[in-house]
Ligand code: GLN
């Protein structure tokens with residue numbers, strides 16, 4: 001199983017470390033030709049969603065990634081990655097917009113918005129949750145389902161092949177959220193009909 005990790009900016013290296021612990025292969029997506037490599041899943045890390053969106057456009061990666069995600073490529077977005085996937089963004093602009101959620105950027109305030117807590121995530125259990133200038137999900141639409149709620153706000157959700165967390169599981173030693181994503185990758189592998197290798201694009 002091979003996971004591509006968007007590595008333009010932000011906390012991508014930590015995702016690789018966790019995937020490595022779980023025995024999954026990964027590689028970094030830094031430019032358009034990296035999208036030609038076959039991948040079974042995609043991780044969009046934390047960072048700054050506006051900067052990532054702009055870099056994706058400048059590097060001409062946006063449209064192809066959008067097509068891959070819409071086509072069913074299992075995708076896991078953490079924090080800024082969650083914002084990239086949201087259909088509606090309060091305090092920012094819609095980027096891929098593939099997931100039926102409304103997200104509020106910097107929802108906990110810009111300065112004091114970083115904290116850690118523990119909470120229950122459906123399908124995973126009780127976990128540490130590290131929030132860094134995090135968004136939360138204000139509203140769920142369509143097929144999206146909430147997986148975790150902290151202080152009355154949705155902080156994790158799933159819609160078919162897409163998984164998002166407002167917190168950073170890659171910044172803890174716990175591998176269970178990534179293991180959950182790898183299970184999703186396995187179950188969706190059969191359904192995903194995007195070409196093995198993106199050379200047809
Ligand atoms: N505040 C960032 C944004 O709006 C997200 C922060 C993060 O990814 N840790 O994109």
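Here, each number is a calculation from the coordinates, and none is a lab measurement. All values derive from a computational prediction rather than experimental measurement. Note: ideal-geometry Cβ built from the backbone for every residue, glycine included; neighbour counts use all protein chains shown.
General observations
- Site pair residue 187 and residue 94 shows an inter-label distance of 2.7 nm when each label is modelled 7 Å from Cα along Cα→Cβ.
- By the Stokes-Einstein formula, at 1.002 mPa s and 20 °C, segment 1-138 with its Kirkwood radius over alpha-carbon pairs has D equal to 138 µm²/s.
- A Förster radius of 22 Å combined with the Cβ-Cβ distance from residue 32 to residue 54 puts the calculated FRET efficiency at roughly 0.90.
- Length gained on full extension, residue 116 to residue 70: 13.3 nm, using 0.36 nm per residue less the C-alpha separation.
- The distance between label points at residue 151 and residue 174 comes to 1.8 nm (points 7 Å beyond Cα on the Cα→Cβ vector).
- Gain in span if fully extended, residue 141 to residue 102, counting 0.36 nm per residue against the direct Cα distance: 13.3 nm
- log10 of Debye I(q)/I(0), alpha-carbon scatterers only, for segment 46-201 at 0.17 Å⁻¹: -0.98
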